[in-house]
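Quick notes on the structure that follows.
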Amino acid sequence: MRQRILCIISFFAFMFLAVTHAQAQDIRNSSGSYMGKIESSGRVYNSSGSYSGRFDGDRVYNSSGSYIGRIESGGRVYNSSGSYIGRIESDGRVYNSSGSYIGRIESGGRIYNSSGSYIGEARGVNPQWAAAYFFFFRF
(Lines give C-alpha, C1' and ligand atoms only; values in the text may rest on other atoms or scores of the structure.)
Protein backbone atom coordinates (compact mmCIF):
# COMPACT_ATOMS: atom_id res chain seq x y z
CA MET A 1 0.00 0.00 0.00
CA ARG A 2 2.77 2.43 0.92
CA GLN A 3 4.54 1.77 -2.37
CA ARG A 4 1.32 2.45 -4.28
CA ILE A 5 0.82 5.77 -2.48
CA LEU A 6 4.41 6.81 -3.23
CA CYS A 7 3.90 5.84 -6.85
CA ILE A 8 0.74 7.96 -7.09
CA ILE A 9 2.44 10.94 -5.42
CA SER A 10 5.43 10.61 -7.77
CA PHE A 11 3.14 10.47 -10.78
CA PHE A 12 1.29 13.64 -9.80
CA ALA A 13 4.54 15.47 -9.00
CA PHE A 14 5.91 14.49 -12.42
CA MET A 15 2.72 15.61 -14.17
CA PHE A 16 2.77 18.94 -12.35
CA LEU A 17 6.35 19.58 -13.44
CA ALA A 18 5.68 18.47 -17.01
CA VAL A 19 2.61 20.69 -17.36
CA THR A 20 4.35 23.67 -15.77
CA HIS A 21 7.36 23.24 -18.07
CA ALA A 22 5.15 22.90 -21.17
CA GLN A 23 3.25 26.10 -20.47
CA ALA A 24 6.05 28.55 -21.34
CA GLN A 25 9.47 28.21 -22.84
CA ASP A 26 12.37 30.59 -22.41
CA ILE A 27 13.96 32.40 -25.32
CA ARG A 28 17.70 32.97 -24.96
CA ASN A 29 20.29 34.79 -27.04
CA SER A 30 23.62 33.32 -28.15
CA SER A 31 25.22 34.16 -24.79
CA GLY A 32 22.50 32.26 -22.97
CA SER A 33 20.96 35.43 -21.57
CA TYR A 34 17.23 35.32 -21.00
CA MET A 35 15.32 37.35 -23.64
CA GLY A 36 11.80 36.42 -22.64
CA LYS A 37 9.37 33.57 -23.09
CA ILE A 38 6.56 32.37 -25.30
CA GLU A 39 3.76 30.52 -23.57
CA SER A 40 1.99 27.60 -25.22
CA SER A 41 -1.03 29.92 -25.50
CA GLY A 42 1.08 32.23 -27.72
CA ARG A 43 1.54 35.03 -25.17
CA VAL A 44 5.00 36.64 -25.41
CA TYR A 45 6.86 38.22 -22.47
CA ASN A 46 10.11 40.22 -22.54
CA SER A 47 13.14 39.74 -20.30
CA SER A 48 11.56 41.91 -17.58
CA GLY A 49 8.47 39.70 -17.51
CA SER A 50 6.24 42.31 -19.13
CA TYR A 51 3.64 41.19 -21.65
CA SER A 52 4.93 42.02 -25.16
CA GLY A 53 2.35 40.57 -27.53
CA ARG A 54 0.87 37.31 -28.70
CA PHE A 55 0.59 34.77 -31.44
CA ASP A 56 -3.08 33.92 -31.96
CA GLY A 57 -3.44 31.18 -34.54
CA ASP A 58 -1.87 32.66 -37.66
CA ARG A 59 -2.15 36.28 -36.48
CA VAL A 60 0.40 38.28 -34.43
CA TYR A 61 -0.41 41.17 -32.08
CA ASN A 62 1.72 43.60 -30.04
CA SER A 63 1.21 44.36 -26.35
CA SER A 64 -1.48 46.98 -27.01
CA GLY A 65 -3.47 44.45 -29.04
CA SER A 66 -2.68 45.95 -32.42
CA TYR A 67 -2.38 43.52 -35.29
CA ILE A 68 1.26 43.43 -36.52
CA GLY A 69 1.20 40.55 -38.99
CA ARG A 70 0.38 36.95 -39.75
CA ILE A 71 1.98 33.62 -40.54
CA GLU A 72 -0.02 31.73 -43.14
CA SER A 73 -0.10 27.97 -43.53
CA GLY A 74 2.93 27.09 -45.60
CA GLY A 75 5.00 29.58 -43.58
CA ARG A 76 4.49 32.78 -45.61
CA VAL A 77 4.82 35.82 -43.30
CA TYR A 78 3.06 39.17 -43.83
CA ASN A 79 3.23 42.46 -41.93
CA SER A 80 0.21 44.46 -40.71
CA SER A 81 -0.28 46.21 -44.06
CA GLY A 82 -0.42 42.85 -45.85
CA SER A 83 3.02 43.06 -47.43
CA TYR A 84 4.91 39.80 -47.81
CA ILE A 85 8.02 39.93 -45.58
CA GLY A 86 9.34 36.37 -45.81
CA ARG A 87 8.73 32.70 -45.29
CA ILE A 88 9.53 29.93 -42.86
CA GLU A 89 10.08 26.56 -44.55
CA SER A 90 8.94 23.31 -42.94
CA ASP A 91 12.60 22.29 -42.48
CA GLY A 92 13.27 25.46 -40.45
CA ARG A 93 15.01 27.55 -43.11
CA VAL A 94 13.93 31.22 -43.11
CA TYR A 95 13.93 33.57 -46.12
CA ASN A 96 13.21 37.30 -46.45
CA SER A 97 10.82 38.86 -48.97
CA SER A 98 13.54 38.90 -51.65
CA GLY A 99 14.03 35.15 -51.29
CA SER A 100 17.40 35.50 -49.59
CA TYR A 101 18.24 32.97 -46.90
CA ILE A 102 18.39 34.75 -43.50
CA GLY A 103 18.69 31.85 -41.07
CA ARG A 104 17.25 28.66 -39.71
CA ILE A 105 15.70 27.12 -36.64
CA GLU A 106 16.56 23.52 -35.87
CA SER A 107 14.04 21.02 -34.52
CA GLY A 108 15.66 21.29 -31.06
CA GLY A 109 15.09 25.06 -30.99
CA ARG A 110 18.62 26.29 -31.76
CA ILE A 111 18.56 29.32 -34.09
CA TYR A 112 21.27 30.35 -36.58
CA ASN A 113 21.68 33.37 -38.83
CA SER A 114 22.49 33.25 -42.55
CA SER A 115 26.23 32.83 -41.96
CA GLY A 116 25.63 29.85 -39.69
CA SER A 117 26.36 31.67 -36.43
CA TYR A 118 24.34 30.60 -33.42
CA ILE A 119 22.08 33.51 -32.37
CA GLY A 120 19.85 31.95 -29.75
CA GLU A 121 17.39 29.26 -28.83
CA ALA A 122 13.73 28.71 -28.16
CA ARG A 123 13.41 25.08 -27.11
CA GLY A 124 9.89 23.72 -26.92
CA VAL A 125 8.41 26.75 -28.67
CA ASN A 126 6.30 26.43 -31.82
CA PRO A 127 9.07 26.65 -34.50
CA GLN A 128 7.15 29.14 -36.65
CA TRP A 129 6.59 31.41 -33.65
CA ALA A 130 10.25 31.20 -32.67
CA ALA A 131 11.41 31.99 -36.21
CA ALA A 132 8.92 34.86 -36.48
CA TYR A 133 10.11 36.21 -33.12
CA PHE A 134 13.79 36.18 -34.10
CA PHE A 135 13.55 37.18 -37.76
CA PHE A 136 10.36 39.14 -38.44
CA PHE A 137 8.50 40.63 -35.46
CA ARG A 138 9.98 42.67 -32.64
CA PHE A 139 7.63 42.78 -29.70
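The values are calculated or read from the model by the stated rules, or taken from the named source; none is laboratory data. Here the structure is a predicted model, which is why all the values come from computation and not from measurement. Reconstructed Cβ throughout: ideal geometry from the backbone, glycine too, with neighbour counts over all protein chains shown. Accessible surface areas use protein heavy atoms only, side chains included; no ligands, DNA or RNA. Shrake-Rupley method; radii C 1.70, N 1.55, O 1.52, S 1.80 Å.
Considering only region 80-90, state which residues are more than 14 Å from Trp129 (Cα to Cα) and of a type outside the set (Phe, Trp, Tyr).
If the condition is that a residue be more than 14 Å from Trp129 (Cα to Cα) and of a type outside the set (Phe, Trp, Tyr), then Ser80, Ser81, Gly82, Ser83, Ile85 are the ones that fit.
For a quick check of your reading: which strands (runs of 3 or more DSSP E) sit entirely within region 97-139 and have at least 2 residues that are within 24 Å of Ser81 (Cβ to Cβ) and either open to solvent by less than 40 Å² (accessible area, probe 1.4 Å) or aliphatic (A, V, I, L, M) (or both)?
Counting at least 2 such residues, we get 101-105.
Just checking, which of Arg76, Arg87 is of a type in the set (D, E, K, R), more than 23 Å from Arg28 (Cα to Cα) and at pLDDT 95 or above?
After applying the criteria, what remains is Arg76.
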